[in-house]
Structure formats: structure tokens, C-alpha cells
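Report on the following structure.
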Amino acid sequence: MKNVKAYSAASATAPLASDTIQRREPTETDVSIEILFCGICHSDLHTARNEWGGTVYPVVPGHEIVGRVAAVGSAVGKFKEGDLVGVGCMVDSDRTCPNCREGLEQFCPNGTLTYGSPDKHTGGVTYGGYSESIVVDERFVLRVPENLDLAGVAPLLCAGITTYSPLKHWNVGPGKKVGVVGLGGLGHMAVKFAHAFGAHVVVFTTSPNKKEDALRLGANEVIVSTNPDEMQKHAGSFDFILDAVSADHDINAYINLLTRDGNLTLVGAPEKPLEVAAFPLLMGRRSLSGSPIGGLPETQEMLDFCGERNITADVEVIPVQKINEAYERMLKSNVKYRFSIDMSSLKSE
Ligand SMILES: [Zn+2]
Ligand SMILES: [Zn+2]
């Protein structure tokens, strides 16, 4: 085992602070990664503060990891020292269930999350990307294109794939009218992808002052969702709507905007159950669904697509020492649109 600098939370109420954790020595199929940037996801905060329950302390969050390969095990074929790589929300799975066999590891009932999961190797729990380095089986390591801004690549590993995957699944492309609800970390990536896929993109927002930014990100139209007249004009016209709002909101207003057989997919997770009226679903055979991250093959496809089209997240880069402040600002949606931690800042700890 090797001692590694990290930032961890010691309890649900403790701020994140400098810590030392242990990483395993690479096995023959492992890749040891020096972490360069790690994005801050809302899940990090939920877990650090035990808002979903079950957090084991100390917890080292972070599942939007980009870095360089520092060493590889003897059986590793996909990577070599110096390669640019990424790690997302998962670091292992059973690899044998029907989901894993189809490359849909996000649905594996025996998956190992990047942080807070039982660690098969150490017997403890997994530690995430708010650290100097991480050791991951090569199957769960992704290639990162060399041409992209690395701070903006980090959020692709969670926010990116979480929006890319449902847009692909529901065949978003030319000739499709696509709505994005909520312009935050997830929503801004959805706008970029839907635009890149050639769809007509409409952003719903409660704040008219986000209009200019939405257009800059690739939206064709912006609808102020608090204006019923504006909403009514678009009734029955959307092929697909991606809902990235994690606060309580009226989902029926959006279901009404779907065309026949249109779909609304949730990628945000409001704390309270949503109230869904049956009639708007019945009339028009519309559907409501959800989607979590993506499997490894699709995550690689997304990263390659981003390399070809020069797509990254819009980020504010911070040193790790500013992480508690960043959490407070994230709660107020006061970031455009994701924080990315420059992990070289850990060296001074
Ligand atoms: Zn995440
Ligand atoms: Zn599986």
C-alpha cells in the first residue's frame, strides 16, 4: 500500500480537509493514475453530508477524474505510462451479468462505485478523485483525447455521459425538437450534445437572464418556463425532453409539451417524489423515464466524440483548498457550469 494525499470529510457535518489515504499497489491488470483534474458533482456533496444515507467516513468524493498513467500492471494491454486517461463513477463490476456483457455496466447489480463502495482489494471502502492518484482496473479506465482542455474534460466523466447517453438512446438528431430543462452542470452539457447531434434545441429556464448563455451554448430557442403563454405555444411539439432539475418542479407542464410518442427522461433526482398526472401521458402515448450515467463503451464513444467535435464542459478551476466554498456556491447554482479541481494544488498540503 502507498500513502497518498487526499481531501476527505470526517463526518456529515465536518468540512472537507486534508488527509492521507492508502492506495493499493497495482495488480497485473491495474492502471495507476496521477490525477490532474477532478470535477465536483452534486453527488459528492450529497455523499459527504450523508444526505442519501449510508456514507462511511472518512469519505473521499470525486468521480470526474482525468489524469496521466503513472504505471501499469504486467498484463495491461490498453494503456502505457504517460497516456491521458479518465475514470468516471464506477471502478469495477461483476463483468458477468447480462448488463455487463452488453457493456451496460451502469446497471450491474454488483458494481463498485468510485467512492464509498466496499473495496474488494483493500477490504475498506473505495476512495474517489479528490486525491493525488488512484489505482483502477484497466477495464474501467477510459482513453482521453489529447486535444481537449483537461479541466473541462473532467466533468464529461459524469455530467457528460449522464446527458450523452439518454440523448443517444432516444435518437436525438437532425429533425428532432429537443428540450433541456435546467441549465446547470448536466443541462449545459445536454445543450452542447443535442446541438452537436443536429437537433433543434430549446432550453427551459426560470431565469430570463440565462437566455444569452443558453444561445451561446448551442440552444436555438429559450423558453421562460414560468410564463404559461410561452409554454402553451409549444404544446405537443417536442420529440424529447431531458429534465436535469433536481429541485421540486411541475413535471406535467413538460409532459404536455411532448408530441405523440414523445419521451421525457429524468436525469436529475428531486428529493420528494414527483406528482405525475395520467392524462397527459395517456393522450399521446407519451412516456416518462430516467437514465443513469452510461456504460464503458458508450463513455468511451462520448469522449471520442468530444475529441472530434472539441466539446468540453464550461468549468471554473479551483484549488482543492477552496472545495468547501465551492460546495456552498454549487448549492446556490453559482457556477458556470461545473467546478474542476486542479489537483496539483494538493502538492502544497
Ligand atoms: Zn456525478
Ligand atoms: Zn454486471
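The values are calculated or read from the model by the stated rules, or taken from the named source; none is laboratory data. These figures come from a predicted structure and were not determined experimentally. Reconstructed Cβ throughout: ideal geometry from the backbone, glycine too, with neighbour counts over all protein chains shown. Side chains are part of the model used for accessible areas, which takes the heavy atoms of the whole protein and leaves out ligands, DNA and RNA. Shrake-Rupley method; radii C 1.70, N 1.55, O 1.52, S 1.80 Å.
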> What ³J(HN,Hα) values, in whole Hz, does the Karplus curve 6.51 cos²θ - 1.76 cosθ + 1.60 give for the range 296-307 when θ = phi - 60°, with x put for Gly and Pro?
Replying inline: 5, x, 6, 5, 5, 4, 5, 5, 5, 4, 4, x
> DSSP beta bridges in the chain, what fraction antiparallel, as a percent rounded to 5?
Replying inline: 55
> residue 46 accessible area, nearest 10 Å², 1.4 Å probe?
Replying inline: 40
> Given only helices, namely DSSP H runs of n ≥ 4 each adding -39500 (n - 2.57), what is the per-residue ellipticity at 222 nm of the chain, to the nearest 500 deg cm²/dmol?
Replying inline: -6000 deg cm²/dmol
> If you line up the long axis of helix 185-196 against the longest principal axis of the chain, both from Cα atoms, how many degrees apart are they, to the nearest 10?
Replying inline: 70
> Which far-off residues, 5 or more places away or on another chain, put their amide H under 5 Å from the one on residue 241, with H placed in the peptide plane?
Replying inline: 179, 263, 264, 265
>> Given a 1.4 angstrom probe, I'd like the percentage of the accessible area of the chain that is carbon and sulfur, rounded to a whole number.
In response: 51
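Expressed as a whole percent, how much of the Cα-Cα distance distribution for the range 199-276 exceeds 14 Å?
Value for the range 199-276 (Cα pairs over 14 Å): 64 percent.
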>> What does the net charge come to around residue 250 if you take all other residues with beta carbon closer than 15 Å to its beta carbon, with K and R at +1 and D and E at -1?
In response: -3
>> If you fit an axis through the alpha-carbon atoms of helix 159-169 and take the longest principal axis of the Cα set of the chain, what angle between them do you get, 0 to 90°, nearest 10?
In response: 50
>> What are the ³J(HN,Hα) couplings of the range 120-135, residue after residue, when phi is run through the Karplus curve with 6.51, -1.76, 1.60 and θ = phi - 60°? Round to Hz, x for glycine and proline.
In response: 4, 7, 9, x, x, 10, 6, 10, x, x, 6, 7, 5, 8, 8, 10
> When you count, for each residue, the other Cβ atoms within 10 Å and take the mean per peptide, how do 342-348, 241-247 rank with the highest first?
Replying inline: 241-247, 342-348
> In terms of modelled amide H atoms, which long-range or inter-chain residues lie less than 5 Å from the amide H of residue 70?
Replying inline: 32, 33, 34, 82
> How many percent of DSSP beta bridges within the range 234-349 run antiparallel, rounded to 5?
Replying inline: 0
> Based on Cα positions only, what radius of gyration and what Dmax would you give for the range 140-231, in angstroms?
Replying inline: 14.0, 48
> How large are Rg and Dmax for the chain when only the alpha carbon atoms are used, in Å?
Replying inline: 20.1, 64
> Quick one, what does Rg over Rh come out to for the range 252-321 if you take C-alpha atoms and the Kirkwood Rh?
Replying inline: 1.13
>> Between the range 96-120 and the range 236-273, what is the separation of their alpha carbon centroids in Å?
In response: 28
> Using every alpha carbon pair in the range 30-138, what percent of pairs falls into each 10 Å bin from 0 up to the bin containing the largest distance?
Replying inline: 15, 42, 36, 6, 0
>> What's the ranking of 71-80, 316-325 by average number of surrounding C-beta atoms within 10 Å, highest first?
In response: 316-325, 71-80
> So which residue, out of 67, 54, 116, gets the largest mean-square fluctuation from a GNM of the chain using Cα contacts under 10 Å as springs?
Replying inline: 54
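Peptides 83-96, 13-26: what's the order by average Cβ count within 10 Å, highest mean first?
Result, highest mean Cβ count within 10 Å first: 83-96, 13-26.
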> Applying the Karplus parametrisation 6.51 cos²θ - 1.76 cosθ + 1.60 with θ = phi - 60° to the phi angles of the range 258-274, what ³J(HN,Hα) value in whole Hz is obtained for each residue in order, glycine and proline being reported as x?
Replying inline: 6, 7, 4, 6, x, 10, 10, 10, 8, 10, x, 10, x, 4, 8, x, 7
> Normalised by the residues of the chain, what does the relative contact order come to in percent, with Cα pairs under 8 Å and at least six apart?
Replying inline: 18
